[in-house]
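Visitor: Dropping the structure in here first, questions after.
What follows is calculated from the coordinates using simple rules that are stated; it is not laboratory data. Small disclaimer: the values here were computed from a predicted structure and weren't measured. Reconstructed Cβ throughout: ideal geometry from the backbone, glycine too, with neighbour counts over all protein chains shown.
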Amino acid sequence: MRIVQRSDVYVGLFLLLIIGAVVTALVVTSGWGIPRWDLFVKTDNVRGVAVDNKVFYQGLEVGRVASITAKESEKPGRLEFIIQLELVAEFAEGDSLQLPRSSVLQITTNVLGATRLDIVASDNLAGMLAPNDTIGLTKATEAMEALGALATDLKGTIQEALTTTTQTLTSFRRLADSLTVATGTARGFLRGIQPGTEDVLASASASMQRVTRLLDSADVRSGTTLRQLDETLAQSRRVMTSADSLTRLLTAMGGESQPQIRAIIENARLLSMQMLYIMEQLSRRPARFMTGMRLPDSLTVEGRGRPCPEGDTTCARTTP
């Protein structure tokens, strides 16, 4: 009997230890003993809000929804709701939770329908909230609504892109048709002018060949003409040399007592000088053989008979 009684005692003690551990864990996890203060939210719609929902501030859990109370609204047939929030007064390090007076409770709904409560503050210029103060409630754009708006925008953008693409393809098709028509017209034009073009090119080729032959023959004739001109000039020089020798001989034979012989000699000398002048000019510029040349007055009978102007030192006369 004694052994059985001791076993019961041990079992009882073990159960008491387990119960104590569970109670301690509940106290620790539930925040019992932590100072808290109440904050109220006034709204006309509590959709997405439930008791015991967590409340966050800047991503940190700072409290829970303690209760939701409904009362008659000032508008007939409408209800007004008061949401009580239990917020921690102090953190583990001893710092107190202070919320700006411009704070509001914002409800955010994700794609799966779960809600999240966040205290959002715009600034702290209006001071800080005190316990039992009342703030407002706002709802952020739901994820499904945002996706719907995005889908609507994308739909409009895609429709515009498709319309633009269709118009571009139509323009390309018209351009291709125009190019096809232009190509056919150009091909017909080329077929039409091809015979005439070939005739013109053939005539031009024949003309070029005739010009080439003419130039070749002109080169040959020019060379022959120049050689003949050189030979003529050489013969003229020899004749002039002979004439000069004859002049000197006649001068020696005639003497000053025979005026007729002197005139003949003078004319022969003038002719010799003219021939020498002509040969010199042709040797410098053979083209003068065809264009002609003018003898200076000093080498002509008329020019030699005229007196030189006064003061003209360039005028030279050969006296008989």
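Visitor: Sorted by packing (mean other beta-carbon atoms within 10 Å per residue), highest first, where do 67-78, 130-141 land? Display every interim value, and only then the final one.
Guide: On the way: 67-78: 9.6, 130-141: 13.3.
Highest-to-lowest ranking by the protection proxy: 130-141, 67-78.
Visitor: Here is a follow-up. Convert each backbone phi in the range 162-175 into a coupling constant with the Karplus relation 6.51 cos²θ - 1.76 cosθ + 1.60 (shift: θ = phi - 60°), then list the ³J(HN,Hα) values in order as whole Hz, x for Gly and Pro.
Guide: 5, 5, 5, 5, 4, 5, 5, 5, 5, 5, 5, 5, 5, 4
Visitor: How do 277, 57 rank when sorted from fewest to most other Cβ atoms within 10 Å of their own Cβ? If you can, show how the numbers build up before the last one.
Guide: On the way: 277 15, 57 18.
In increasing order of surrounding Cβ atoms, one gets 277, 57.
Visitor: Any idea what % of Cα-Cα pairs in the range 163-219 are farther than 14 Å? Intermediate results must be reported in sequence, preceding the final value.
Guide: Working: 1176 of 1596 pairs.
Roughly 74 percent, rounded to a whole number.
Visitor: Now a separate question. I need the calculated FRET efficiency for the pair residue 70 and residue 14, taking r as the beta carbon distance and R₀ as 45 Å, to the nearest 0.05. Show your work: numbers first, answer last.
Guide: Numbers: r = 48 Å, r/R0 = 1.06.
After rounding, the FRET efficiency stands at 0.40.
Visitor: In terms of modelled amide H atoms, which long-range or inter-chain residues lie less than 5 Å from the amide H of residue 99?
Guide: Placed amide hydrogens put 129 under 5 Å from residue 99.
Visitor: Follow-up question, since we're still on this one. Given the Cα-Cα distance of residue 90 and residue 193 and 0.36 nm per residue of separation, how much length would full extension add, in nm? The partial results should precede the final answer.
Guide: Numbers: separation 103, 0.36 × 103 = 37.08 nm, distance 10.15 nm.
Residue separation times 0.36 nm, minus the Cα-Cα distance, leaves 26.9 nm.
Visitor: Within the set of other residues whose C-beta is less than 13 Å from the C-beta of residue 88, count the net charge using Lys and Arg as +1 and Asp and Glu as -1. Could you put the intermediate results ahead of the total?
Guide: Working: positive: 36, 54, 64; negative: 38, 61, 86, 90, 93, 95.
Charge balance in the 13 Å sphere: -3.
Visitor: Quick one: of the DSSP bridges fully inside the range 39-134, what percent are antiparallel, nearest 5? Please list the in-between numbers first.
Guide: Numbers: 26 of 30 bridges.
Around 85 percent of the beta bridges assigned by DSSP in the range 39-134 are antiparallel ones.
Visitor: Let me ask something additional. Over the residues of the range 73-133, compute the C-alpha Rg and express it relative to 2.2 N^0.38 Å.
Guide: On the way: Rg = 15.2 Å, N = 61, 2.2 N^0.38 = 10.5 Å.
In units of the globular-protein estimate, the range 73-133 measures up at 1.45.
Visitor: A further question on this structure: Computed FRET efficiency, Cβ-Cβ of residue 140 and residue 178, R0 51 Å: what is it to the nearest 0.05?
Guide: Working: r = 56 Å, r/R0 = 1.10.
Efficiency for this residue pair is about 0.35.
Visitor: Amide H of residue 135 versus every other amide H placed in the peptide plane: which residues, excluding those fewer than 5 positions away on the same chain, fall under 5 Å?
Guide: 40, 41, 42
Visitor: Amide H of residue 64: which non-local residues (sequence gap of 5 or more, or other chain) have their own amide H closer than 5 Å, using H built in the peptide plane?
Guide: Excluding prolines and chain starts, which carry no amide H, the hits are 55, 86.
Visitor: Also, I was wondering about something else. 7 Å from Cα along Cα→Cβ at both residue 47 and residue 284: what's the point-to-point distance in nm?
Guide: 11.9
Visitor: Something else about it: In Å, what Kirkwood hydrodynamic radius results for the range 33-143 from the alpha-carbon pair distances? Display every interim value, and only then the final one.
Guide: Numbers: mean 1/r = 0.0682 Å⁻¹.
Here the Kirkwood hydrodynamic radius works out to 14.7 Å.
Visitor: Let me ask something else. Give the lysines whose C-alpha is closer than 26 Å to that of residue 42, dropping any in the same chain fewer than 8 places away, or say none.
Guide: Filter leaves 54, 71, 75, 139.
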